[in-house]
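Here the structure comes first, spelled out in C-alpha cells, and everything after it is commentary.
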Amino acid sequence: MTRVFKILFIIFITAGISACASAPDAPTPSIPERTSFIAPQTLHDDLRPVEVTGPNWLSLGGGTWDYIVYDNEGNEFFRDMGTPGYTMLGENLLRTVKNGGGSLRITRFFDVEQRIVSPEYYNVFATEYGLVTYIDESKEENSVIISALVVHDLFDPDSNRNVFWRDFEIVFSIGVEFIAIEFLDEYHLYIEYHNSQDELVKETLELK
C-alpha cells in the first residue's frame with residue numbers, strides 16, 4: 001500500500017468516525033402521562049347558554065333547558081323543562097306559555113304569593129277574573145263535529161266549571177278559531193265565531 005493511499009484511507013476512516021460521533025441520538029419513545037382533558041368548545045351565538053330572569057322566574061340554557069319559578073320571598077317552588085315566555089298578569093299571577101309544536105301553545109299559571117301551580121292548558125283563549133277558557137274536547141254528533149268550550153277556575157278545573165258545546169268551525173292546522181272572545185265580567189263571556197256552515201255566530205255565555 002502506497003504512502004498516499006494510506007494517508008487517504010486514514011482520513012476516510014477518521015471522517016466516518018467523526019460523523020457517527022456527531023449524529024444525534026434517536027429519540028426514545030415515551031409513554032404519555034394519563035391526565036384528564038376537556039377540549040375547548042366554540043359555540044355559535046344561537047347555541048350559547050342564555051339566561052332569562054324576571055321578578056319570579058329564571059331560565060337557564062345549555063343544551064337542555066330548565067325554568068324555575070320563585071315565590072315573592074325568592075324561594076323556588078316549581079321547576080320544569082322548556083323555554084316559555086313569561087307574563088305577569090297581576091301583582092302575584094305569573095303566566096308561562098311554551099310552544100308545543102305547530103299551533104299548539106301550552107299555558108301554565110302560578111300564584112307566586114300562595115305558591116300555587118295550575119295544570120297545563122292547551123291553546124288558552126282568554127284569562128280574566130281568575131278564570132281560564134279553552135277547548136277541552138271535540139266529538140261528532142249528527143255528522144257534525146262539535147267542541148266543548150270550557151271555562152273554570154285558573155287553578156282548579158272542577159271549580160266554577162262551565163261547559164258549552166258548540167258547532168265551531170274547525171280550521172285546518174289551527175283548530176277552533178274565534179273572531180272575538182272576551183270576558184265581559186266574571187259572569188259573562190262574549191264569543192264570536194263561524195260555525196261549520198260558515199255562518200257568523202255571536203253569543204254572550206252566562207257563567208255560573
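Say R0 is 30 Å: what FRET efficiency, to the nearest 0.05, do Val171 and Val117 get from their beta-carbon distance? Display every interim value, and only then the final one.
Numbers: r = 31 Å, r/R0 = 1.04.
Result of the calculation: an efficiency of 0.45.
Given labels modelled 7 Å from the Cα in the Cβ direction, how far is it in nm from Ser138 to Asn72?
Here the answer is 4.1 nm between the modelled labels.
Using a 7 Å offset from the Cα along the Cα-to-Cβ direction at both Asn195 and Ile179, what is the distance between the two label points in nm, to one decimal?
Those two pseudo-labels are separated by 1.4 nm.
To the nearest 0.05, what FRET efficiency results for Arg79 and Asn160 with a Förster distance of 25 Å applied to their C-beta separation?
Working: r = 29 Å, r/R0 = 1.16.
So, using R0 = 25 Å, E works out to roughly 0.30.
Simple spin-label model, 7 Å along Cα-to-Cβ: Asp153 to Glu206 in nm?
So the label points at Asp153 and Glu206 sit 2.3 nm apart.
Read-outs: derived from the displayed coordinates by stated rules, not from any lab. The structure displayed is predicted, hence computed values, not measured ones. Note: ideal-geometry Cβ built from the backbone for every residue, glycine included; neighbour counts use all protein chains shown.
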